[in-house]
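Coordinate-derived values only; no laboratory data. None of the values given here were measured: they were computed from a predicted structure. With ideal geometry, Cβ positions are generated from the backbone for all residues, glycine too; neighbour counts draw on all protein chains shown.
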Amino acid sequence: MNIFVFVKRVPDTESKIRIDHKANKIIKDGLNFVLSPYDEYAVEEALRLREAHGGKVTVFSVGADEVNIILKKCLAMGADEAVLLKDDTPETYDGLRTAKIIAKVLKDKFMDYDLLLFGRLSIGADNGQVQTMVAQLLDLPQINVVTKLEIEGNQGTAYREIEGASEKVAFSLPAVLSAQKGLNEPRYETLKGIMMAKRKEIPVLPLEDLGMSAEELAPLMEVVNLESPPPRKAGTVFEGEAEAAAKKLAQFLHEEAKVI
Amino acid sequence: MNKIGKLDGKIIDKLKGIVGGTHVITDQEYMEDYSHDEFSLSDISRMPEAVVKPASVQEVAKVVKMANLEKFPLTPRGGATGLCGGCIPSAGGIVLSLERMNNIIEIDKHNQMAVVEAGVTLMNFYEAVENEGLFFPPHPGEESAFMGGVIATNAGGARAVKYGVIRNYVRGLEVVLPSGKIIHPGGKLMKSSTGYNLMNLFIGSEGTLGIITRAVIQLMPEPRESRSLIIPYDSLEEAIETVPILMSSKIIPLAVEFIPKDVIQITERFLNKKWPSTDGSTYLLIILDADSREEMDRLSETVADICLNKGALDVFVADSPQKQEQVLEIRSKIYEAIKSITLEILDIVVPRAEIALHVKKVQEVAAKYDIWLPTFGHAADGNVHTHIMKVKLVEGRLIPFPEKEWVGKMDRVREELYQDCKIRKGMISGEHGIGIVKKPYLSLVLDDAEIQLMKGIKRVFDPNNILNPGKIFDLKS
């Protein structure tokens, strides 16, 4: 089975995001970047499918040279190949633009695949658009937010959590799938894997080689303003002896919070 | 001597006059929390007669002065995360809780020092320090501990291998003496050869010499890269024997922990979290820091080579913050996972080179008494936490055994391990302190002359023996 996984480099969830209000950008200095966690589930699932069915796992990422570090991580986890789809344009947050690039690559350069795996969204932008748009552009079946996956021959069954139930979806390959938390527990890289990945060449496919027009690549979205969410208000502490404090709490719940 | 028994109403009223009525607690139900520490068995817990919560050093000074005048015992209390009964008011009297003195006064970036009140929790301190791009290296484990308590016990933790213990980071203190006088030994100073170092006497004094109300803490620049290696071995011996080779290879890891697989599995179930590996029978957890990715790769490769040469089965890497956190959480929650089935936690520290032999002795004692003694800890600083358990572990299952069986064994097991500690020129506490629990064994590892000096110091500082009486040693004996 030939599996392609698409991954993105994102700021670590524990990083404190600071905004450069003049340039309308996040300040990258001091930020720690990681492989988007949902993409990591996708990579892990690909590796497990390969271990069960044989085949090959290739990981792709769209971005500048700095995304190599997450591609190396995927190689260290056990992916066979990684390809950098080199795009030096600063972050556009335009999912359609990324989807067009990926679709073009899959139409013209890497045509041989059975499964296209994505994370359900990249943390940071939180858009969750690309996989759906890629499926649409390539006219492939798609199942999003998958928590369990079974493949048999060229047929697959995916499970997704829906309100109060689990939905079971049958599909045929090739297909587009996006991974949700719970799909698996990603493995830890071994040092051996890291060292092997370090020595491995990552082929670069520059955007210019795809023959896409400037019009196709122009972002349709413009970021007008970035704001941090307002800081959370401090909680209220009712001080004093238990009885008096309980009275104050009850009074608060009744008169101000109006919940009792 | 001390008035043990009821404090009269007048004293309670005066205390209320000092700290305010709502900050003197006498309600039994509410005081129950203040009658024990994190671990202590019920037979050493004791209810205080009142809990007093001052908000300033002046209030502390007035309360202490009054205790000295009226001669009632006063036990200072931090986050109560201790394991030896240090904060239990075992002589009665009042508990002086520093919980309201929880301000971080300043983080001085130019001097790379912080000034904190005693009631600041480690958790809040780490956060404030990280927000300024600085680093406070010691990590004694439980983050709800208060800075005051951490200093009063000279706490250590896993990162001591590279960065040392709390004592190495305290530069100055504000201390209330039993007389009510406030002194400020040390300061924002990197050096001082100015007379006796009084500050160091208070560090590790377990609240017996003065009340620490404020501290000046040394900080460091934050290392850029941090990585945890999880290394499975087939045998505990191979794992531990790796450590001295590692330490002589010019690499200083932040931490080198050894942990048997059985306690990892119990903790995995307890937390519903996954450890990176199911291989082997023992793990080394090695934490590295470095200033660049290249340096980190070089360090990890060297470590991996040494470990694999000594028989390690593989080397797993956690380098994203989430993965490191997951691994560290499992490591630091082992205690919680097995707490309910633990009788006692030993805190023996031996010279680093003796650790393999001491652990071997633990295994012999476990076999001799047919008791489960999971042993893990800080392999590279010689500090071993052997747990005396009230269950047996048979093929991964926990089988309780009756109290009458373990009750006699417990003392003999402890005795044998302390004797082994003495033979290896170790100490009975590496980082937890003596409190009440380890008091009977102090004379096993310290000379009488040393103990007499300690008692002399106690008398100089606290002539009426009002501060945490009966901790570390008994004055009369």
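Per-residue counts of other Cβ atoms within 10 Å, averaged by peptide: what ranking do you get for B:462-474, A:146-158, highest first?
For the peptides B:462-474, A:146-158, the packing ranking is B:462-474, A:146-158.
Report the dimensions of region A:94-183 along its three principal axes from the alpha-carbon atoms, largest first, rounded to Å.
38, 35, 17
If each DSSP helix of 4+ residues adds -39,500 (n - 2.57) and the sum is divided by the residues in the protein assembly as shown, what number results at 222 nm, nearest 500 deg cm²/dmol?
-10000 deg cm²/dmol, from helical runs alone.
Of the cross-linked pairs A:Lys86/A:Lys109; B:Lys10/B:Lys53; A:Lys72/B:Lys323; A:Lys100/A:Lys200; A:Lys8/A:Lys86; B:Lys438/B:Lys476, which ones have a Cα-Cα span greater than 21 Å in the structure shown? Provide the component values of the computation, followed by the final result.
Details: A:Lys86/A:Lys109 14 Å; B:Lys10/B:Lys53 18 Å; A:Lys72/B:Lys323 17 Å; A:Lys100/A:Lys200 28 Å; A:Lys8/A:Lys86 13 Å; B:Lys438/B:Lys476 17 Å.
Over 21 Å Cα-Cα: A:Lys100/A:Lys200.
Which of the aspartates and glutamates could a cross-linker bridge to A:Lys247, judged by Cα under 18 Å and excluding same-chain residues fewer than eight apart?
A:Glu239, A:Glu255, A:Glu256, B:Asp27, B:Glu29
When ranked by the protection proxy of mean other Cβ atoms within 10 Å per residue, highest first, what sequence do the peptides B:174-181, A:89-96 form?
B:174-181, A:89-96
Suppose every Lys and Arg Cβ carries +1 and every Asp and Glu Cβ carries -1, with no other charges. What dipole size does region A:2-217 come out with about its Cα centre, to the nearest 20 debye?
Once rounded to the nearest 20, the dipole reads 440 debye.
State the answer as a single residue: which of B:Val243, B:Thr194, A:Ala245 lies farthest towards the positive end of the charge dipole of the protein assembly as shown, with beta carbon charges of +1 for Lys and Arg and -1 for Asp and Glu, about the Cα centre.
My answer, from the dipole projection, is B:Thr194.
Go through B:Cys84, B:Ile11, B:Ile25 and say which Cα lies farthest out towards the positive end of the charge dipole of region B:1-156; charges sit on Cβ, +1 for Lys and Arg, -1 for Asp and Glu.
My answer, from the dipole projection, is B:Ile11.
Quantify how strongly other chains surround peptide A:185-197 by giving the mean number of their Cβ atoms within 10 Å of each of its Cβ atoms.
6
Beyond 22 Å, what share of the Cα-Cα pairs of region B:225-332 is found? Please give it as a whole percent.
Value for region B:225-332: 25 percent of Cα pairs lie more than 22 Å apart.
Pop the C-beta distance of A:Glu167 and B:Ser193 into the FRET formula with R0 = 51 Å and round what comes out to the nearest 0.05.
Values: r = 74 Å, r/R0 = 1.45.
Computed FRET efficiency for A:Glu167 and B:Ser193 comes out at 0.10.
Quick one: work out Rg over Rh on the C-alpha atoms of region B:336-423, Rh as Kirkwood radius.
Rounded to two decimals, Rg over Rh is 0.96.
Residue by residue through B:312-325, how many Cβ atoms from other chains fall within 10 Å of the Cβ on average?
What the average comes to for B:312-325 is 5.
If you average 1/r over every pair of different alpha-carbon atoms in the protein assembly as shown and take one over that average, what Kirkwood value in Å do you get? Show your work: numbers first, answer last.
Values: mean 1/r = 0.0343 Å⁻¹.
About 29.2 Å for the protein assembly as shown.
Positive end of the dipole of chain A, charges at C-beta (+1 Lys, Arg; -1 Asp, Glu), about the Cα centre: which of A:Met221, A:Gln129, A:Thr236 has its Cα farthest in that direction?
Projecting each Cα onto the dipole axis, the largest value belongs to A:Thr236.
Counting pairwise Cα distances across region B:25-173, what percent come out greater than 24 angstrom?
35
Any idea what % of Cα-Cα pairs in chain B are farther than 31 Å? The partial results should precede the final answer.
On the way: 50927 of 113526 pairs.
Looking at chain B, the distances longer than 31 Å represent 45 percent of pairs.
Going by a ≥ b ≥ c, the root eigenvalues of the Cα gyration tensor, does chain A fall in the rounded group (a/c under 1.5), the prolate group (a/b larger than b/c) or the oblate group?
prolate
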